[in-house]
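Chemist: Okay, handing you the structure first.
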Amino acid sequence: DLAIPKMPLENVATAIAALRASGLNFTPAALQEVILHANLPGRFQIIGNNPTTILDVAHNPHAAAYLAERLRKFPIKGNYRFVIGMLINKDIKGTVDHLKTLSDKWYCCGVQAGPRSTKPEDVAQYLPQAQKFADILAGWEAAKRDVEEGDVIVVCGSFFTVAPVLNALNSESE
């Protein structure tokens, strides 16, 4: 009986199978400890509680479906507010399709990533109610201003989306 991991069960199962195949000796207690504490920064990473912010680099339909599944199970009293930016070479519509039923509060942001850069309209075209922002930090700041009691901010769509917010949070804590 192992703990419920913070990462996808398929990933944990693969890691356990690889560990068993390696022939290395490990105890169930050691495995339990790793499963309890292992996490992937930027993958359903929960930051703070005022407001609660979830960072997830989900940037394709498969990852967005997994994020949506996790969010449906997450205890929330208010609304989700999505701050999203994606790269132009990703399946933006397919990714948004998995998430759009979770909220009507969207902050679509441009992402600066060289030839893969996007404008906020590249995502907002699939979310008619979305607000548009030139960059991720502007969208995140707007979401924080708009947040109401019990709301959760979800920052997602790319490593290029999550990184500026994570850097800003780290700067605030120094």
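The values are calculated or read from the model by the stated rules, or taken from the named source; none is laboratory data. What you are looking at is a predicted structure, and each value in this text was computed from that prediction instead of being measured. Here Cβ is always computed from backbone atoms with ideal geometry, including for glycine, and neighbour counts include all displayed protein chains. Only protein heavy atoms, including side chains, enter the accessible area calculation; ligands, DNA and RNA are left aside. Shrake-Rupley method; radii C 1.70, N 1.55, O 1.52, S 1.80 Å.
Chemist: From the list Gly110, Gly114, exactly one residue is over 16 Å from the mean Cα position of the chain (by Cα) and touching a residue at least 12 places away in the same chain (Cβ under 8 Å). Which is it?
Modeler: Just a single option satisfies the conditions, and that option is Gly110.
Chemist: Would you mind telling me which numbered condition in (1) outside any helix (DSSP H, G or I); (2) in contact with a helix residue (DSSP H, G or I) (Cβ under 9 Å, 6 or more places away or on another chain) Pro128 fails?
Modeler: Going through (1) outside any helix (DSSP H, G or I); (2) in contact with a helix residue (DSSP H, G or I) (Cβ under 9 Å, 6 or more places away or on another chain) one by one, Pro128 breaks only (2).
Chemist: To continue, here is another question. If you take the residues in segment 81-107 that are under 17 Å from Gly139 (Cα atoms) and assigned to a loop (DSSP other than H, G, I, E, B), which one is most open to solvent (accessible area, probe 1.4 Å)?
Modeler: For segment 81-107, the residue satisfying everything is Asp104.
Chemist: Right, another one. Any residue at all in segment 48-66 that is part of a strand (DSSP E or B), in contact with a Phe, Trp or Tyr (Cβ under 6 Å, 6 or more places away or on another chain) and not hydrophobic (A, V, I, L, M, F, W, C)?
Modeler: yes
Chemist: Identify the residue in segment 8-57 that is of a type in the set (A, V, I, L, M, F, W, C) and closer than 18 Å to Asn167 by Cα and, among all such residues, is modelled with the lowest pLDDT.
Modeler: Keep residues of segment 8-57 that are of a type in the set (A, V, I, L, M, F, W, C), which gives 9, 12-13, 15-19, 21, 24, 26, 29-31, 34-36, 38, 40, 44, 46-47, 54-55, 57.
Subset that is closer than 18 Å to Asn167 by Cα: 40, 44, 46-47, 54-55, 57.
Numbers: Leu40: 70, Phe44: 86, Ile46: 88, Ile47: 88, Ile54: 95, Leu55: 96, Val57: 96.
For segment 8-57, the residue satisfying everything is Leu40.
Chemist: Kindly provide the set of residues from segment 138-174 that are part of a helix (DSSP H, G or I) and open to solvent by 70 Å² or more (accessible area, probe 1.4 Å), ordered by number.
Modeler: Here is the first cut: in segment 138-174, the ones part of a helix (DSSP H, G or I) are 138-146, 159-173.
Passing the criteria: Glu141, Arg145, Phe159, Phe160, Asn167, Asn170, Ser171, Glu172, Ser173.
Chemist: Also, I was wondering about something else. Only one of Phe133, Phe159 is touching a residue at least 60 places away in the same chain (Cβ under 8 Å) and aromatic (Phe, Trp, Tyr). Can you tell me which? So that I can check it myself, show each step before the final result.
Modeler: On the way: Phe133 fails: touching a residue at least 60 places away in the same chain (Cβ under 8 Å).
Being touching a residue at least 60 places away in the same chain (Cβ under 8 Å) and aromatic (Phe, Trp, Tyr) holds for just one of Phe133, Phe159, which is Phe159.
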